[in-house]
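Let me begin by presenting the structure, written as structure tokens, before commenting on it.
The values are calculated or read from the model by the stated rules, or taken from the named source; none is laboratory data. Owing to the predicted nature of the structure, the values given are computational and were not obtained by experimental measurement. Cβ placement follows ideal geometry from the backbone for every residue including glycine, while neighbour counts extend to all protein chains displayed. Each accessible area value is taken on the protein alone, full model and side chains, heavy atoms only, with ligands, DNA and RNA left out. Shrake-Rupley method; radii C 1.70, N 1.55, O 1.52, S 1.80 Å.
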Amino acid sequence: MSSRKEKGPKPRSSPETEGGPPAADAPVSSAGTPRFEDIFSLEDLQGIQDAFAEAANVASLITDPSGRPVTRPSNFTAFCRDIVRGTEKGRAACRRSDAVLGRTTDQGPTIATCLSAGLLDGATCIFFDGRHIATWLVGQVIDESVDMERVLAFCRDIGADEAICLEAISRVPRMSRERFGKICQALDRFAKLLSSMALTNHRQSGLIGELRRVQDRVKARDRRLADMIDFLPDPTMVVDANGAVIFWNRAMEKLTGVGAEDMLGKGDFAYAVPFYGFATPLLVDYARGAVDAPDPRYTVAERNGDAVIAEVTVAALPGGPRHVWAKAVALRDVAGRVVGGIEAIRDITDRRRAEEALADHRQRLEAEVEERTRDLRLQAMELAEANIRLSELDRMKSVFLSTVSHELRTPLTSILGFAKLIGRDFSEQFLPLAGSDPALAAKGRRIADNLAVVFGEAERLTRLINDVLDLSRIESGNMVWRDVRFSPGAMAAKAAKSIEGLLTQRPEIAFRARIDDDVPDVVMDPDQFMQVVSNLLQNAVKFTQAGSVRLEVCRDGEAVRVAVADTGVGIPMDELESIFDKFHQVGRGDTIQGAAKGTGLGLAICRQIVRRYGGRIWAESSLGGGSVFTVRLPAAGERDVTAPD
Ligand code: ADP
């Protein structure tokens, strides 16, 4: 046996590395075959090799199949190392004997006599699944029976110094060939054991490798998980099955002022200390079943399977007592076993304060509303009572008005009748008697004028009574409306005819009417329609000195438009609305000389009538520039015959 360089079938010459550790990039012996050093602990084998060499008094070395040493040489002799390998010839002789030892065989150890020096060498192979992965070499032993003269001849042959050789050989172990054979047998048994362990070791190392990869993956996943939990804005903690903290995120650090490094790994409910000042189960411990019931401090809002939501006030946080919302969930493995729990909390102190303030506020409002409702109810009762009294008064007023009007109209009829009779008799019978007496004639005319005043005022009183009666009937709902479908154009023409007499007395006023053909029908009381149009026409004549009065009836979309325009005195802007109020008259209600004095009720009656039929009445005017009164009434529907009363 010589050094490794010369041993393998493909020896590599690099004296500098001889006996040193194997190169890091040592090749795998053949594709798919693992390396010896990847299967066995070289450190352990080195120990065994050293001990074996020492005990058996042999040199020893393990090489890979190419002859590259994988262990350090044990017990090498100076003779082989320094003398034989010190010459080129000696090295060649070693190579030749190594070629014999390098032969792969599983038939037991190979024992060879070093061809040149007559030393004994042995080798046995270690296999992995039938593939040769290493050779264990022993040797550098002198056969007891060797002829020393032959050894010296070899020394001379390779050119080594004879005296030095003799001295070196004296230190080479000697043993019988039989004993060396037994040593090789023992080595061979051990090599066979290693071969059988190789496959198991390889599988184990494969498993260990896989385990490491899985561990790496788990570590990476844990890292990601930690990053994710850190990222959560809510303070969050995770405990394992033993209740030891495994995650304590940044938001939690910020809230509690306790760093993760001080909390990770802590158990026995120590994580409650930053919240309460002492160790006590938290919601997460209830969620994961570590305690049977939540702490009574919690107000549990919801328990849904493994998840539980609660609110609690915690006193020991750095910022002082806070009210927090907490959600905790039990964490389970794939088999459903609880392996820990997670709890996230949210500081809702401000929200709660706002809610409380609101609830105060709400209570106060409710009390106010209640008080106000009581007041209103009282007022409503008072109003109802007043309403009853008013209805009664209204009824009494109607009764009074109809009685009074009846009582007034009877004497008024007599006054009107007699005034007319007296006037006629006076004009026909007595006035002519004045003859040529101018004083008497003047007195007579004055009497006739005064009688005309009596007559006119009696007439006005009659109109007033009629108007008051009409208005009170409408307002009290006692008016009987006789609604029918009719053409407003024809009815307006009738109204125009009714003021012909008036117009005859006022030749300075030109009257014009324009009544379109396509005016739609309306459904209403025709007498009331007549009253509206007549009122407007009479007013127009009444308040026009000279000029014109125009009546216009036309279609206005789905409505009828009736307009009465005059060139009269006009109405001040700020009274365009109030003229429709009862008894409102512009100025003193002065009319154009000769026209009948008004009552201030006509337009109020018009507005009541028009409104009853869903219409509108309004006036446009400028002082001195005349006025336009417009009435807009909804047209009858296709199927309307009469409108509901
Ligand atoms: P009256 O019996 O006094 O005419 P109305 O209610 O019909 O009562 O009218 C109210 C007032 O509106 C009138 O007194 C008058 O001052 C004003 N008025 C009504 N129509 C006209 C008009 N065409 N031109 C100017 N003023 C008018």
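Across region 299-314, what is the number of residues that are closer than 16 Å to residue 347 by Cα and at pLDDT 90 or above? Of the residues in region 299-314, 6 are closer than 16 Å to residue 347 by Cα and at pLDDT 90 or above. The requirement of being assigned by TED's automatic domain parsing to the domain that holds residue 126, touching a Ser or Thr at 6+ places or on another chain (Cβ under 7 Å), under 28 Å from residue 167 (Cα atoms) and buried (at least 21 other Cβ atoms within 10 Å of the Cβ) is fulfilled nowhere in region 36-43; no residue meets it. Of all the listed residues (191, 163), the sole one being over 15 Å from residue 63 (Cα atoms) and either surrounded by fewer than 21 Cβ atoms within 10 Å (Cβ to Cβ) or in contact (Cβ under 8 Å) with a residue 40 or more places away in the chain (or both) is 163. Filtered by the rule that a residue be open to solvent by less than 40 Å² (accessible area, probe 1.4 Å), modelled with pLDDT of 75 or more and in a loop (DSSP other than H, G, I, E, B), region 86-104 gives a lone residue, 87. Restricting the search to region 264-279, which residues are without any contact (Cβ under 8 Å) to a residue 24 or more places away in the chain, crowded, with 16+ Cβ neighbours inside 10 Å and within 20 Å of residue 319 (Cβ to Cβ)? Within region 264-279, 272 is the sole residue that qualifies.
Taking region 596-627 as the range and being more than 9 Å from the ligand (Cβ to nearest atom), at pLDDT 95 or above and over 24 Å from residue 468 (Cα atoms) as the test, only 620 passes. Of all residues in region 549-558 being open to solvent by 20 Å² or more (accessible area, probe 1.4 Å) and in a strand (DSSP E or B), which is farthest from the ligand (Cβ to nearest atom)? Once the filter is applied, the top-ranked residue is 555. Filtered by the rule that a residue be farther than 20 Å from residue 174 by Cβ and crowded, with 21+ Cβ neighbours inside 10 Å, region 46-63 gives 49, 61, 62, 63. Among the candidates 318, 296, the residue that is over 24 Å from residue 233 (Cβ atoms), open to solvent by 20 Å² or more (accessible area, probe 1.4 Å) and in a loop (DSSP other than H, G, I, E, B) is uniquely 296. Which pairs have Cβ atoms under 6 Å, sit 6 or more apart or on different chains, and link a residue in region 621-633 that is within 7 Å of residue 570 (Cβ to Cβ) to one that is more than 9 Å from the ligand (Cβ to nearest atom) and not in a strand (DSSP E or B)? Sorted first by the residue in region 621-633, then by its partner, the pairs are 623/572; 626/567.
For every residue, the table says whether it meets (1) among the aromatic types (Phe, Trp, Tyr); (2) in contact (Cβ under 8 Å) with a residue 40 or more places away in the chain.
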{"position": "127", "(1), (2)": "yes, yes"}
{"position": "137", "(1), (2)": "no, yes"}
{"position": "149", "(1), (2)": "no, no"}
{"position": "154", "(1), (2)": "yes, yes"}
{"position": "168", "(1), (2)": "no, yes"}
{"position": "174", "(1), (2)": "no, no"}
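Restricting region 375-414 to residues that are small (Gly, Ala, Ser) and over 60 Å from the mean Cα position of the chain (by Cα) leaves a set whose member that is surrounded by the most Cβ atoms within 10 Å (Cβ to Cβ) is 405. Within region 521-541, is even one residue outside any strand (DSSP E or B), away from the ligand (no atom under 12 Å from the Cβ) and within 14 Å of residue 618 (Cα to Cα)? The answer is yes; a qualifying residue exists.
Note on region 461-497: residues that are over 18 Å from residue 397 (Cβ atoms), away from the ligand (no atom under 16 Å from the Cβ) and outside any strand (DSSP E or B) amount to 13.
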